[in-house]
Amino acid sequence: QLQLVESGGGLVQPGGSLRLSCTASGFTLDYSAIGWFRQAPGKEREGVSCISSSGSITNYADSVKGRFTISRDNAKNTVYLQMNSLKPEDTAVYYCAANTLIGCSAYPSNYPYWGQGTQVTVSS
């Protein structure tokens, strides 16, 4: 079956860093745009970043621009989200998602494949 699995979440102090990983099984990510989304309690799921299938295009939400970096290693079938200078408002469950038809998009409805999510908590 087609699966995406996130890892790397955890508890970190404000100003700290985490690197999230999204690894695919059952298919390769070579032809997929990958988006990272997050959802905090009581809030809608929001787009954080996306990377095109070739890796040549990357997009970021204004709230994370300059702090987060998305990258991909197709040989490892993995996409990463490096998160630096973390703030308490970054606390959320982070999801990766893939699509092969739309490309980079900030809208969850454009992504048919999703991971289970990984919790990121930023607190002192």
Report summary line: Residue pairs qualifying under the 8 Å Cβ cut-off, at least six apart or on distinct chains, with the first in segment 24-46 being outside any strand (DSSP E or B) and the second being among the hydroxyl-bearing types (Ser, Thr, Tyr) and open to solvent by less than 70 Å² (accessible area, probe 1.4 Å), are 29/53; 29/78; 30/53; 31/53; 32/53; 40/91; 45/95
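Does segment 55-68 include one or more residues that are open to solvent by less than 10 Å² (accessible area, probe 1.4 Å) and either of a type outside the set (A, V, I, L, M, F, W, C) or assigned to a strand (DSSP E or B) (or both)? Please lay out each step first, then the result.
Of all residues in segment 55-68, those open to solvent by less than 10 Å² (accessible area, probe 1.4 Å) come to 64, 68.
Within this subset, residues satisfying the condition of being either of a type outside the set (A, V, I, L, M, F, W, C) or assigned to a strand (DSSP E or B) (or both) are 68.
Yes, segment 55-68 contains at least one residue that is open to solvent by less than 10 Å² (accessible area, probe 1.4 Å) and either of a type outside the set (A, V, I, L, M, F, W, C) or assigned to a strand (DSSP E or B) (or both).
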Report task. Return the pairs, sorted by first residue and then second, in which the second residue is among the aromatic types (Phe, Trp, Tyr) and open to solvent by 60 Å² or more (accessible area, probe 1.4 Å), the first residue lies in segment 1-16 and is closer than 11 Å to residue 115 by Cβ and in a strand (DSSP E or B), the beta carbons are less than 8 Å apart, and the residues are 6+ apart or on different chains. Result -> 4/113; 4/114
Query raised in the report: Just to be sure, is residue 19 touching a residue at least 40 places away in the same chain (Cβ under 8 Å), part of a strand (DSSP E or B), open to solvent by 50 Å² or more (accessible area, probe 1.4 Å) and not polar (S, T, N, Q)?
Result: yes
Requested in this report: Would you mention how many residues in segment 97-112 are farther than 13 Å from residue 27 by Cβ, assigned to a loop (DSSP other than H, G, I, E, B) and not polar (S, T, N, Q)?
Outcome: 7
Query - Cross-chain or 6+ apart pairs with Cβ under 6 Å, segment 87-108 first and within 14 Å of residue 46 (Cα to Cα), then of a type in the set (Lys, Arg) and open to solvent by 40 Å² or more (accessible area, probe 1.4 Å) - result: 108/45
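The values are calculated or read from the model by the stated rules, or taken from the named source; none is laboratory data. In this text, all values refer to a predicted model and were calculated from it rather than measured experimentally. Glycine gets a Cβ as well: all are built from the backbone with ideal geometry, and neighbour counts include every protein chain shown. Surface accessibility is based on the protein's heavy atoms, side chains included, excluding ligands, DNA and RNA. Shrake-Rupley method; radii C 1.70, N 1.55, O 1.52, S 1.80 Å.
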